[in-house]
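Notes to accompany the following structure.
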Amino acid sequence: MSLSDLSREQLADLQSQQRAAYDELVGKGLKLDLTRGKPSPAQLDLSNALLALPGEETTTDAAGTDVRNYGGTQGLPEIREIFSPLLKVPVEQLVAGDNASLAIMHDTIVYALLKGTIDSERPWGGGPVKFLCPTPGYDRHFALCEQFGIEMIPVDLGPDGPDLEAVTRLVADDADIKGIWIVPTYANPTGAVYSEEVTRTLVTMPTAAPDFRMFWDNAYAVHHLTDEETPAIDVLALAAEAGYPNRVFVFASTSKITFAGSGVSFFGSSRANVDWYLKHLSKRTIGPDKVNHLRHARYLKSPDGVRELMRKHREIISPKFALVESILSERLGDLEAASWTHPHGGYFISLDVMEGTATRVVELAKQAGIVMTGAGSAFPYGRDPQDRNIRIAPTFPAPAEVSAAIDGLATCVLLAATEKLLAC
Ligand code: PMP
């Protein structure tokens, strides 16, 4: 029977059961953290071979360049060749950088704000700048906007992309809208996968701003959780075909393939945009960490090497996703007390609890030693208008910890829901 069908008496009974379960939970003194999408130690161990690479005898790349020295701003060809087919970006239009794609996103925004893009009449920073933010979305994208005073306009994100009616209407009317955040594959946090049809609309839609950019952050391009290994969309070719070759900035990294803190990041775009990016980048650095590029190339070997490694990640993390699914459906399913996503890849599950209770749920969980990402963090300015969304990141904790945390979380969801319903 669903929560909404329960009488006040039944609700009061449920509440006292959950209150008792909650008191017991608090008594356990748990210390669990489901806040960030981090790889677990077992996942990091998969790539320990990197720690001994490239080895003392190896100091040059395939072309004979000494990787220990300055230079090579675009990054080692070997590593770009491996990721080119996976990201669907031609090798010559792909840049390999240092350890964080977030840093490249930061820099492209700063360059656009201070210098303008190649299609800008003046630097973005000369006037108001707005970005469309499909929500729920990635909190660090929104934090970048906030950092630079970029106004965020939320648009709803469905399972295969954002509300296109809203997106196309907004960009057609307002020349201050310069960008849109997109996580096309297994989006953080909903697991949405952009369809080719949605992508086509986004690359062909008329925009009032001639220098509008899609920030296509393909952070989870190869992070499948099922046998259905959805390939990346060739968004650059689609944009070029549509007559907007410069519309898309592609970002990615090996943060959740090898080492989250010492991976390789990527930037891909039209040749003209890559030249623009490299021009500004070359003032910022005399070259990336090519030793890291080389050891990654030696370790990963080929696109198939990456695919194989990702299947090993899947073996470690998919049981954790399955645990979340089974505990949530067992504890909350019949009562229809919440809904959640069933991602086919990526790092997150997005949980929608009863409207108006997410903040309370996260607070109850915290008091019981279960730390969740703050309620509202998947929304611009941290404001979830319905106060119902909670992001679950199950990859880092051990399976027993995932179970304890999700079971505890379910208790908090039911307690908060009964509190709310009984207060009406
Ligand atoms: N983009 C998305 C969508 C992410 O979820 C994350 C990591 N949580 C990042 C980027 C960060 O990537 P990097 O480590 O390359 O900075």
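The values are calculated or read from the model by the stated rules, or taken from the named source; none is laboratory data. This structure is a prediction, so every number in the text was calculated from the model and none was measured. Cβ coordinates were reconstructed from backbone atoms using ideal geometry, including for glycine residues, and neighbour counts include every protein chain displayed. Each accessible area value is taken on the protein alone, full model and side chains, heavy atoms only, with ligands, DNA and RNA left out. Shrake-Rupley method; radii C 1.70, N 1.55, O 1.52, S 1.80 Å.
Worth pointing out:
- Identification of strands (runs of 3 or more DSSP E) wholly contained in segment 75-167 with 3 or more residues that are away from the ligand (no atom under 16 Å from the Cβ) and farther than 29 Å from residue 263 by Cα yields 151-158.
- So residue 256, is it away from the ligand (no atom under 16 Å from the Cβ) and of a type outside the set (A, V, I, L, M): no
- Check on residue 232, modelled with pLDDT of 95 or more and either open to solvent by 40 Å² or more (accessible area, probe 1.4 Å) or assigned to a helix (DSSP H, G or I) (or both): no
- Total residues in segment 262-279 satisfying the condition of being within 16 Å of the ligand (Cβ to nearest atom) and open to solvent by 50 Å² or more (accessible area, probe 1.4 Å): the figure is 0.
- With respect to the conditions (1) among the small types (Gly, Ala, Ser); (2) closer than 30 Å to residue 135 by Cβ; (3) open to solvent by 50 Å² or more (accessible area, probe 1.4 Å), residue 282 falls short on a single one, namely (2).
- Residues in segment 36-69 that are within 29 Å of residue 414 (Cα to Cα) and open to solvent by 30 Å² or more (accessible area, probe 1.4 Å): 36, 38.
- Residue match in segment 126-136 (condition: out of contact with any strand residue (DSSP E or B) (no Cβ under 8 Å at 6 or more places or on another chain) and within 22 Å of residue 285 (Cβ to Cβ)): no
- Hey, residue 251 modelled with pLDDT of 95 or more, within 16 Å of the ligand (Cβ to nearest atom) and either among the charged types (D, E, K, R) or closer than 20 Å to residue 404 by Cα (or both) or not: no
- Residue-level check: of (1) under 23 Å from the mean Cα position of the chain (by Cα); (2) surrounded by 18 or more Cβ atoms within 10 Å (Cβ to Cβ); (3) away from the ligand (no atom under 16 Å from the Cβ), residue 321 misses just (3).
- Any hit, segment 105-115, residues being within 18 Å of the chain's Cα centre (by Cα), open to solvent by 20 Å² or more (accessible area, probe 1.4 Å) and closer than 26 Å to residue 275 by Cα: yes
- Checking each residue in segment 338-347 for being over 30 Å from residue 90 (Cβ atoms), assigned to a loop (DSSP other than H, G, I, E, B) and of a type outside the set (Ser, Thr, Tyr) picks out only 342.
- Residues in segment 287-337 that are on the phi < 0 side of the Ramachandran plot and outside any helix (DSSP H, G or I): 288, 289, 302, 334, 335, 337.
- Hey, residue 51 in a helix (DSSP H, G or I), away from the ligand (no atom under 16 Å from the Cβ), touching a Pro at 6+ places or on another chain (Cβ under 7 Å) and not polar (S, T, N, Q) or not: no
- Selection within segment 192-229: residues that are part of a loop (DSSP other than H, G, I, E, B) and among the β-branched types (Val, Ile, Thr). The member of this set that is farthest from the chain's Cα centre (by Cα) is 207.
- Cβ-Cβ contacts under 8 Å between residues 6 or more apart (or on different chains), taken from a first residue in segment 246-258 that is open to solvent by less than 10 Å² (accessible area, probe 1.4 Å) to a second residue that is in a strand (DSSP E or B) and within 8 Å of the ligand (Cβ to nearest atom), are listed as 251/217; 251/265; 252/217; 252/265; 254/265.
- Exactly one residue out of 284, 298, 311 is within 23 Å of the chain's Cα centre (by Cα) and over 30 Å from residue 422 (Cα atoms): that is 311.
- Odd one out for residue 298, checked against (1) open to solvent by 60 Å² or more (accessible area, probe 1.4 Å); (2) out of contact with any Leu (no Cβ under 8 Å at 6 or more places or on another chain): (2)
- Residue among 121, 165, 92, 151 that is open to solvent by 50 Å² or more (accessible area, probe 1.4 Å), under 22 Å from the mean Cα position of the chain (by Cα), farther than 20 Å from residue 289 by Cβ and of a type outside the set (Ser, Thr, Tyr): 151
- Residue 65 vs. criteria at pLDDT below 95 and of a type outside the set (A, V, I, L, M): yes
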